[in-house]
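First comes the structure, then the notes that go with it.
Nothing in this text is a laboratory measurement; each read-out follows from the coordinates by a stated rule. The structure displayed is predicted, hence computed values, not measured ones. Ideal geometry is used to build each Cβ from the backbone, glycine not excepted, and the neighbour counts take in all protein chains shown.
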Amino acid sequence: MRIRCGYEITYECPQPTPMLLMLNVHASRYQDLETPDVVRTDPGIPVAQYHDGFGNLCSRIVCPPGRTVLSADFMIRDSGEPDPVTPEAAQHAVEDLPDEVIVFLLGSRYCETDRLSDLAWKLFGNVPPGWGRAQAIAEYAHRRITFGYEHARPTKTAFEAHEEGFGVCRDYAHLAITLCRCMNIPARYCTGYLPDIGVPKVGVMDFSAWFEVYLGGQWRILDARHNKPRIGRILMARGRDATDAAITTSFGPNLLAGFKVLGEELR
């Protein structure tokens with residue numbers, strides 16, 4: 001399968017404004033690119049890049065005063081298979097986890113394990129450990145939160161999303177991640193493209209957030225927002241939570257003046 005992806009994001013800045021971008025495909029998908037995935041800017045400004053500790057390709061720019069348009073348009077190959085379902089994937093004892101996985105058991109900016117631990121054990125303590133427990137958590141988050149862009153808030157945490165019962169895809173992911181960590185399942189936040197392939201087209205295309213759990217010796221995809229295996233998921237960035245995988249982070253005043261995302265199967 002070939003998928004066309006891209007975006008056009010417009011900012012208006014009153015002064016020179018540094019920004020950190022995570023808009024490129026993740027390093028784990030580089031071999032699938034058919035055409036270059038390049039961050040383009042209008043007006044043309046220098047773009048410096050580096051890979052962070054999570055393998056994300058980060059771009060550093062300084063937007064000049066006025067309007068700056070960020071864009072990309074590229075082709076990428078995908079297997080065309082839905083996310084794997086692995087009911088046999090076992091949960092590891094904490095003491096047996098690899099050192100680099102331990103950080104994904106800890107509380108983080110948007111994932112307050114201390115505030116949800118009692119609830120998690122009450123809800124899932126009797127669910128057999130492993131894939132079934134992780135899937136039960138994803139389903140709980142799916143049912144607990146009602147989706148709506150009007151409920152988006154950049155400061156909203158997993159606990160707040162749980163109590164309010166409304167949110168966007170990142171809130172579903174944060175809640176499920178937090179509950180998994182409370183149950184000693186390492187979980188990490190992911191963001192990227194998720195075109196409407198094999199499902200009815202709903203609304204306007206946007207970037208999407210999902211999560212991965214470490215079971216059976218490898219990371220496995222789950223999606224609390226949609227709660228079903230999907231086709232054509234293209235990872236851009238991942239980390240402990242949305243702080244580590246923010247699409248853009250600005251270091252000064254700015255106005256988001258335009259936002260378009262492209263993701264479609266090419267036939």
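Please tell me the relative contact order of the chain in percent, rounded to the nearest whole number, where contacts are Cα pairs under 8 Å and at least six residues apart.
After rounding, I find 30 percent.
When the convex hull of the Cα atoms of the chain is projected onto a plane and the area is averaged over all directions, what value comes out in nm²?
Answer in nm², one decimal: 14.1.
How far apart, in nm, are two points set 7 Å out from the Cα along the Cα-to-Cβ line at residue 202 and at residue 69?
3.1 nm
Helix 169-182 versus the longest principal axis of the chain: what angle, 0 to 90°, nearest 10, using Cα atoms?
Approximately 40 degrees, to the nearest ten.
Residues of the stretch 163-199 with the amide nitrogen closer than 14 Å to a label point 7 Å from the Cα of residue 52, along Cα-to-Cβ, please.
189-192
Could you check the spin-label model distance between residue 255 and residue 136? Points 7 Å from the Cα along Cα→Cβ, value in nm.
In this crude spin-label approximation the distance works out to 5.1 nm.
Can you pull the one-decimal nm distance between simple spin-label points at residue 31 and residue 228, each 7 Å off the Cα toward Cβ?
In this crude spin-label approximation the distance works out to 3.1 nm.
Angle check, please: helix 131-144 long axis (alpha carbons) against the longest principal axis of the chain (alpha carbons), in degrees 0 to 90, nearest 10.
60 degrees
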